[in-house]
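Accompanying notes for the structure given below.
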Amino acid sequence: MLHNHSLFHSVHQLSRNLTKNVNEALQPFGIYSAQWSVLYTLKVKGTLTQTELCEYLSVEAPPMTRTIQRLVKQGYVKQVPGGDKRTKHIQLTEQALTEYPKWEHAILEVNASLLTHFPESSQEELYALVSEWIHQLQLSGGK
């Protein structure tokens, strides 16, 4: 029988390895996995508030603020004031939209290499399990 500690340790190790591979793939572009997560989310979902990004990506506000500040400095996102003075909407810049295909290509290549020896049926099963786990965590507030 698998012990919870072993399961969570393995999931943590997997996460660390995946992040390391993404960081290596994106290193030539001067961005890291945390930044990629924000860029990808904005590309897929469009303009979001920082709070919405934090909630969707399960990231606390201080690290998200630092990530957004780095992306602003790099010219990849801009903050647009919302109706409420405290709310800022985060959106991709034209520069990010121009660079995005290069980043996405690097990510798709690393993803493909990581899945080379992982059968498609197993990929689908893992996706279903992880998606369900995430859904349950969101329903329970992570508890």
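Just so it is clear, none of the values below were taken in a lab; they were calculated from the coordinates. Just so it is clear, the structure is predicted and the values come from calculations on it, not from any experiment. With ideal geometry, Cβ positions are generated from the backbone for all residues, glycine too; neighbour counts draw on all protein chains shown.
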Residues located in the stretch 57-89, provided they are closer than 29 Å to L139 by Cβ, surrounded by 14 or more Cβ atoms within 10 Å (Cβ to Cβ) and within 15 Å of the chain's Cα centre (by Cα): L57, V59, M64, T67, I68
The stretch 93-120: number of residues that are under 15 Å from I31 (Cβ atoms) and either of a type in the set (K, R) or not in a helix (DSSP H, G or I) (or both): 2
Residue count for the stretch 54-80, restricted to those that are of a type in the set (A, V, I, L, M, F, W, C), without any contact (Cβ under 8 Å) to a residue 12 or more places away in the chain and touching a Cys at 6+ places or on another chain (Cβ under 9 Å): 1
Hits in the stretch 61-103 (condition: touching a His at 6+ places or on another chain (Cβ under 8 Å) and hydrophobic (A, V, I, L, M, F, W, C)): V80
Residues of the stretch 1-29 satisfying the condition of being among the small types (G, A, S) and either exposed (fewer than 10 other Cβ atoms within 10 Å of the Cβ) or farther than 11 Å from W103 by Cα (or both): S6, S10, S15
Among the candidates V59, V130, V80, residue that is assigned to a loop (DSSP other than H, G, I, E, B) and of a type in the set (A, V, I, L, M): V59
